[in-house]
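Student: One structure, pasted below without further comment.
The values are calculated or read from the model by the stated rules, or taken from the named source; none is laboratory data. Keep in mind that this is a model prediction, so the values were computed, not measured. For neighbour counting, all protein chains shown are included, and Cβ atoms are generated from backbone atoms with ideal geometry for every residue, glycine included.
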């Protein structure tokens, strides 16, 4: 026990920004991800993460701020997703797939002409929470926390919009407005989180803990809470094990999250049998 606390004290002293940054990304993305899974638009997490990576690559290429590059690209992607699917009668998943492929290819093209090369590709795809700086943490606090709180405050109309559009219209809820607002918020949150989390970790937070939460509880409020708690546990455990075993932090968090999801699934199946 003393050695465990000793390691934690050493970690908190050495990487305080990484721990707080990881927790902020975990809480915000897992909370929003519960709505993404509920809406059955899981691939939007991968698409926006990849588009954000493309925006970051473009920003590096043009020597501009990576955050604003990711935001610009993601807001453009969200606008396309929100407007084109109904107008041209193409499934939204197909549009997301096209955007994913385009963003993946553009990322490689931008990086191929960048001075950093393969190191930049690794950073875009996988990120690294350990290198979180004070400026990065401030950016997460300014961007992620207020936007997530906004969704929490207006959770009722957003949930109605996602779960039962017809009922929402009967209640005179402006479904188009709330849907667009959520997607734009999601786009900005993913953009801010991707610089540190990378595509894989952000996508994990948006999908894996929310899936486990919805598996473990039929009540939405509890599913939100379970999702956030699992994301927080995965983050703390991932940082701890990556520190003591000298492993890549983000990937350890992803693996732990997936193991927790597997445990939740096995437990659910065991209860049914």
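Student: Every residue in the range 243-261 that is over 17 Å from residue 206 (Cα atoms) and surrounded by fewer than 22 Cβ atoms within 10 Å (Cβ to Cβ), please.
Tutor: The first filter runs over the range 243-261 and keeps only residues over 17 Å from residue 206 (Cα atoms), leaving 243-249.
Those that are over 17 Å from residue 206 (Cα atoms) and surrounded by fewer than 22 Cβ atoms within 10 Å (Cβ to Cβ): 243, 244, 245, 246, 247, 248.
Student: Take the residues in the range 26-58 that are outside any helix (DSSP H, G or I) and in contact (Cβ under 8 Å) with a residue 60 or more places away in the chain; name whichever of them is farthest from residue 233 (Cα to Cα). Steps first, answer last, please.
Tutor: If we filter the range 26-58 for residues that are outside any helix (DSSP H, G or I), which is where we start, we get 39-42.
Checking the rest, the ones that are also in contact (Cβ under 8 Å) with a residue 60 or more places away in the chain come to 39, 42.
Details: 39: 25, 42: 22 Å.
Residue satisfying both the conditions and the ranking: 39.
Student: Something else about it: Restricting attention to the range 215-237, and to residues there that are touching a residue at least 60 places away in the same chain (Cβ under 8 Å) and surrounded by 20 or more Cβ atoms within 10 Å (Cβ to Cβ), which single residue is farthest from residue 271 (Cα to Cα)? Don't jump to the end; show me each part of the working.
Tutor: Residues of the range 215-237 that are touching a residue at least 60 places away in the same chain (Cβ under 8 Å), as a first pass: 220, 223-224, 227-228, 230-232, 234-236.
Cutting the leftovers down to surrounded by 20 or more Cβ atoms within 10 Å (Cβ to Cβ) gives us 223-224, 227-228, 230-231, 234-235.
Numbers: 223: 18, 224: 21, 227: 20, 228: 23, 230: 20, 231: 23, 234: 24, 235: 28 Å.
Across the range 215-237, the extreme among qualifying residues is 235.
Student: Something else: When you look at residue 177, is it in contact with a helix residue (DSSP H, G or I) (Cβ under 7 Å, 6 or more places away or on another chain) and without any contact (Cβ under 8 Å) to a residue 24 or more places away in the chain, yes or no?
Tutor: On the way: in contact with a helix residue (DSSP H, G or I) (Cβ under 7 Å, 6 or more places away or on another chain): no; without any contact (Cβ under 8 Å) to a residue 24 or more places away in the chain: yes.
Judged against the criteria, residue 177 is not a match.
Student: On to the next question. Which residue pairs have Cβ atoms under 9 Å apart, sit 6 or more places apart or on different chains, and have a first residue in the range 146-163 that is on the phi > 0 side of the Ramachandran plot and a second that is part of a helix (DSSP H, G or I) and at pLDDT 95 or above?
Tutor: none
Student: Which one of these is in contact (Cβ under 8 Å) with a residue 40 or more places away in the chain, under 30 Å from residue 221 (Cβ atoms) and surrounded by fewer than 20 Cβ atoms within 10 Å (Cβ to Cβ): 8, 20? Before you say what the answer is, go through the steps one by one.
Tutor: On the way: 8 fails: under 30 Å from residue 221 (Cβ atoms).
Being in contact (Cβ under 8 Å) with a residue 40 or more places away in the chain, under 30 Å from residue 221 (Cβ atoms) and surrounded by fewer than 20 Cβ atoms within 10 Å (Cβ to Cβ) holds for just one of 8, 20, which is 20.
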